[in-house]
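None of the figures in this text is laboratory data; all of them are computed from the coordinates on show. Everything numeric here is computed off the predicted structure, so don't read it as measured data. Because the Cβ atoms are built from the backbone with ideal geometry, glycine has one as well, and the counts that use them run over all protein chains shown.
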Protein chains: 2
Amino acid sequence: MKYGIVAFPSKKLQDFANSYRKRYDTHFSKITPHITLKSVFEVDDSKVNEVTSMLQEISKQFKPLSIHVSKVSSFAPVNNAIYLKVEPTEQLQKLYDALHAKSFGLEPEYKFVPHITIAQDMSSGEHDDIYGQLRMTDVHSEEVIDRIHLLYQLEDGSWTVYETFRLSGAE
Amino acid sequence: MKYGIVAFPSKKLQDFANSYRKRYDTHFSKITPHITLKSVFEVDDSKVNEVTSMLQEISKQFKPLSIHVSKVSSFAPVNNAIYLKVEPTEQLQKLYDALHAKSFGLEPEYKFVPHITIAQDMSSGEHDDIYGQLRMTDVHSEEVIDRIHLLYQLEDGSWTVYETFRLSGAE
């Protein structure tokens with residue numbers, strides 16, 4: 001099955017993100033607003049327990065995540081996606097690295113840019129129009145996220161949570 | 001915030017349910033297919049830890065749930081909703097009762113009818129038409145669900161998982 005690992009921000013920040021996502025994000029109905037920590041990866045059903053064991057170890061290592069959302073940004077021209085920028089921190093990077101260690105079987109494809117997507121799958125014209133409107137939005141939010149989630153994907157593309165891991169470490 | 005407690009069936013059963021839900025269920029985009037164990041209840045943010053503590057205790061008491069989906073059924077005329085019937089068991093009833101004990105603050109409103117909704121919010125005419133088509137569907141599935149989830153609801157009605165509880169007891 002296809003799995004992914006995310007952190008869900010607070011209800012307040014999710015509601016804020018959804019106020020844009022419902023109009024602009026084609027994935028709106030597939031998953032609630034999130035920070036992707038490890039994008040879709042395939043795990044054989046017989047090996048899910050190995051993944052959850054590793055996640056238990058990792059979640060014991062890291063303390064709750066300090067999240068600072070600072071502005072609206074865009075991946076264009078690489079990708080016509082608009083997002084709430086989550087300021088990179090050493091802690092987030094270390095967690096990302098741990099979730100992409102060799103033991104997980106997959107090296108990361110991209111440099112980690114922590115973010116919460118609010119718009120995607122737009123034409124360049126749409127993107128420029130919407131980004132022009134949103135980029136000046138005053139976004140400023142600081143919060144602590146104390147857990148991460150392992151999810152699996154259904155055939156229609158929607159995501160179900162498999163398990164929660166509370167961050168209880170010191171790092 | 002508004003919370004709820006559910007069990008998600010296997011990916012296979014969720015995919016099957018979604019093949020109907022995408023056409024007939026207005027809640028399709030709000031949550032993946034599930035068995036509701038405790039419907040929406042309000043918890044003050046400061047008391048969520050009490051709820052998770054109680055759920056930890058309860059999940060240590062119960063063993064993984066044996067689920068037998070036996071047929072397509074309907075709540076009409078009380079409610080024009082069509083569902084996959086989950087055969088009632090003593091175990092499911094005991095878990096339901098534990099999740100509705102006085103310590104949780106709310107007595108159950110209805111008799112527990114375990115089910116996975118696949119169609120709802122239809123007119124009586126639509127209901128009769130769709131139920132006429134679906135009621136003869138051969139549905140037969142047995143599986144074991146080894147966890148339950150505490151979810152909270154966003155302002156747009158969608159649900160985010162707050163925490164997973166593995167059923168690790170003997171009952």
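Summary of values
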quantity: Single condition B:Leu99 does not satisfy, out of (1) more than 20 Å from B:Ser29 (Cα to Cα); (2) surrounded by 19 or more Cβ atoms within 10 Å (Cβ to Cβ); (3) within 14 Å of chain A (Cβ to nearest Cβ); calculated: (3)
quantity: Region B:31-45 - residue that is away from chain A (no Cβ under 12 Å) and not hydrophobic (A, V, I, L, M, F, W, C) and, of those, nearest to A:Thr160 (Cα to Cα); calculated: B:Thr36
quantity: Flag for B:Ile145 being of a type outside the set (Phe, Trp, Tyr), surrounded by 15 or more Cβ atoms within 10 Å (Cβ to Cβ) and within 14 Å of chain A (Cβ to nearest Cβ); calculated: yes
quantity: Answer residue from region B:7-30, given it is more than 10 Å from every other protein chain (Cβ to nearest Cβ) and of a type in the set (A, V, I, L, M, F, W, C) and is nearest to B:Leu150 (Cα to Cα) among those; calculated: B:Ala7
quantity: Positions within region A:74-121 being among the hydroxyl-bearing types (Ser, Thr, Tyr) and without any contact (Cβ under 8 Å) to a residue 60 or more places away in the chain, in sequence order; calculated: A:Tyr83, A:Thr89, A:Tyr96, A:Ser103, A:Tyr110
quantity: Count of region A:131-171 residues which are of a type in the set (Val, Ile, Thr), within 19 Å of A:Asn18 (Cβ to Cβ) and free of Cβ contacts under 8 Å to residues at least 60 places away in the same chain; calculated: 2
quantity: Members of region B:148-163 that are more than 7 Å from every other protein chain (Cβ to nearest Cβ) and closer than 16 Å to B:Ile116 by Cβ; calculated: B:Ile148, B:Leu151, B:Trp159
quantity: Failed criterion for A:Thr117 (all others in (1) of a type in the set (S, T, N, Q); (2) more than 14 Å from every other protein chain (Cβ to nearest Cβ); (3) surrounded by fewer than 17 Cβ atoms within 10 Å (Cβ to Cβ) hold); calculated: (3)
quantity: A:Val48 buried (at least 16 other Cβ atoms within 10 Å of the Cβ), over 18 Å from A:Thr164 (Cα atoms) and not basic (Lys, Arg); calculated: no
